[in-house]
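Engineer: Here it is: the structure, laid out below.
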Amino acid sequence: MPLLTEKTLAGQRALVTGGSSGIGAAIARAMAEAGARVAINYLSDAEAAQKMVDEIHACGGEALAVQADVSQEQEVELMFGILMERWGSLDILVANAGIQLDAPFSEMTLAQWNTVLAVNLTGQFLCAREAVKEFTRRGLIPELSSAAGKIICMSSVHDVIPWAGHVNYAASKGGVLMFMKSLAQEVAHQKIRVNAISPGAIRTPINRAAWETQEAEAELNKLIPYERIGEPMDIGHAAVWLASDASDYVVGTTLYVDGGMTLYPGFQEGG
Ligand code: BGC
């Protein structure tokens, strides 16, 4: 049973980067359910992206798959070119593509550092820049949305929770926090809304080790006051709301969707 039954995004065109798996796939599904046309960007798994497209078509929605490495300027420009050709414009960007390359700090290679920053932070810059150009060119279409465009940056609870062993990842998400706020401040007068979602532990391939066994999941739950791991659709629903006019006055905010992970659970009894 879909939890959001209204077609709040009817007629809108959304691009979800990293949309073929994990959180991105749930957002793509949720936006399609809400009536949006969805472009599913993927890096290498063409088959998974096509499966998503077929699934959305089977439910009566409209989708297309588009390959691009979001850290590469030319590939991002080409991807937006394809979307403009197919759809004429874009209404929603979900800058979701992200990776983890974990290592103890003194063993972290420059390549691990650079790749994580390139995908998680530079990738958001490159995609958001193309989206802002298009929203600016196109302006407001009042019958579609009260905003001229919406950008949702995928961040993480690790934009505020330090994370030993994951310094590159936490640094990239800390960067997303101020990237999002500064951009939101810059373009709000154009009626472009920029916000972020910071998921906690969500059941996806990126953190399989943290939920794969009962013991691991029990350990993980100690960090989550709500005592359950998040499901990808928890983020899908939040993204639909942030992209819809129901959140029209929400500008430059990070929405933590984390079961309370950012509430310092250690202080439930300590302190
Ligand atoms: C990471 C996951 C982790 C979660 C909570 C996310 O940003 O990608 O691996 O489980 O934060 O720590």
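The values are calculated or read from the model by the stated rules, or taken from the named source; none is laboratory data. Keep in mind it's a predicted model, so treat the numbers as computed, not measured. Here the Cβ is made from the backbone with ideal geometry for all residues, glycine too, and neighbour counts use every protein chain on show. For the accessible areas, the whole protein counts, side chains as well, though only heavy atoms, and no ligand, DNA or RNA atoms are used. Shrake-Rupley method; radii C 1.70, N 1.55, O 1.52, S 1.80 Å.
Engineer: Can you give the FRET efficiency for residue 72 and residue 269, using 1/(1 + (r/R0)^6), R0 = 51 Å, r = Cβ-Cβ distance, to the nearest 0.05?
Structural biologist: Efficiency at R0 = 51 Å is approximately 0.60.
Engineer: For helix 46-58, report the angle its Cα long axis makes with the longest principal axis of the Cα atoms of the chain; keep it between 0 and 90° and round to the nearest 10°.
Structural biologist: So the helix axis and the longest Cα principal axis differ by about 60 degrees.
Engineer: Right, here's the next one. Pull up all non-local amide H partners of residue 97: gap of 5 or more, or a different chain, and H-to-H distance under 5 Å with H placed in the peptide plane.
Structural biologist: Distant-sequence amide H within range of residue 97: 17, 18.
Engineer: Shifting gears a bit: Tell me, what HN-Hα J-couplings in whole Hz come from the Karplus equation 6.51 cos²θ - 1.76 cosθ + 1.60 at θ = phi - 60° for each residue of region 204-217, using x for Gly and Pro?
Structural biologist: Taking θ as phi minus 60°, the curve returns 9, x, 4, 10, 3, 4, 7, 9, 5, 10, 4, 4, 4, 5 Hz for region 204-217.
Engineer: Here's another thing I want to ask about it. I want to verify a result. In a Gaussian network model of the chain, Cα cutoff 10 Å, which of these has the top mean-square fluctuation: 252, 200, 60?
Structural biologist: 60
Engineer: How much accessible area per residue does the chain have, counting only protein heavy atoms and a probe of 1.4 Å, in square angstrom?
Structural biologist: Working: 12990 Å² over 271 residues.
About 48 Å² of surface per residue is accessible.
Engineer: Calculate one ³J(HN,Hα) per residue across region 94-104 by plugging θ = phi - 60° into the Karplus curve 6.51 cos²θ - 1.76 cosθ + 1.60, and present them in order as whole Hz with x for glycine and proline.
Structural biologist: After applying 6.51 cos²θ - 1.76 cosθ + 1.60, I find 10, 7, 10, 3, x, 9, 10, 10, 7, 6, x Hz.
Engineer: Right, something else. What residue among 261, 84, 154 has the largest mean-square fluctuation in a Gaussian network model of the chain, using Cα springs under 10 Å?
Structural biologist: Most flexible of the set in this elastic network: 84.
Engineer: In what sequence, highest mean first, do 33-45, 122-134 appear when ranked by Cβ atoms within 10 angstrom?
Structural biologist: In decreasing order of mean packing, 33-45, 122-134 become 33-45, 122-134.
Engineer: Residues with amide H under 5 Å of residue 11's amide H, sequence separation 5 or more or different chain, H placed in the peptide plane at 1.01 Å from N; which?
Structural biologist: For residue 11, whose amide H was placed from the backbone, the distant partners under 5 Å are 37.
Engineer: Next question. In nm, to one decimal, how far is the residue 85 label point from the residue 207 one, both placed 7 Å along Cα→Cβ?
Structural biologist: 3.9
Engineer: Report ³J(HN,Hα) in whole Hz for each residue of region 265-271, in order, from the Karplus equation J = 6.51 cos²θ - 1.76 cosθ + 1.60 where θ = phi - 60°; Gly and Pro get x.
Structural biologist: So the Karplus estimates, Gly and Pro as x, are x, x, 8, 4, 10, x, x Hz.
Engineer: Mind checking the dipole of the chain: about its Cα centre, +1 per Lys or Arg Cβ, -1 per Asp or Glu Cβ, Debye to the nearest 20?
Structural biologist: 720
Engineer: Still on this structure, I have one more. Return one number: the angle in degrees, 0 to 90 and rounded to the nearest 10, between the long axis of the Cα atoms of helix 73-87 and the longest principal axis of the Cα atoms of the chain.
Structural biologist: It works out to around 50 degrees.
Engineer: A further question follows. Charges on Cβ only, +1 for Lys and Arg, -1 for Asp and Glu, centred on the Cα centroid of the chain; of 192, 104, 166, which one is farthest towards the dipole's positive end?
Structural biologist: Of the listed residues, the answer is 192.
Engineer: Strictly over 27 Å apart at the Cα level, which of 51/173; 7/222; 7/51; 7/150 would you flag in this model?
Structural biologist: 51/173; 7/222
Engineer: Okay, moving on. Please report the spacing between the Cα centers of region 133-183 and region 84-108 in Å, no decimals.
Structural biologist: Spelled out, the Cα-based centre of one part sits 10 Å from the other.
Engineer: Also, quick follow-up: In degrees from 0 to 90, rounded to the nearest 10, what is the angle of the helix 232-243 Cα long axis to the longest principal axis of the chain?
Structural biologist: Roughly 40 degrees, rounded to the nearest 10.
Engineer: If each DSSP helix of 4+ residues adds -39,500 (n - 2.57) and the sum is divided by the residues in the chain, what number results at 222 nm, nearest 500 deg cm²/dmol? Intermediate results must be reported in sequence, preceding the final value.
Structural biologist: Working: 8 runs with 105 residues, N = 271.
It lands at -12500 deg cm²/dmol.
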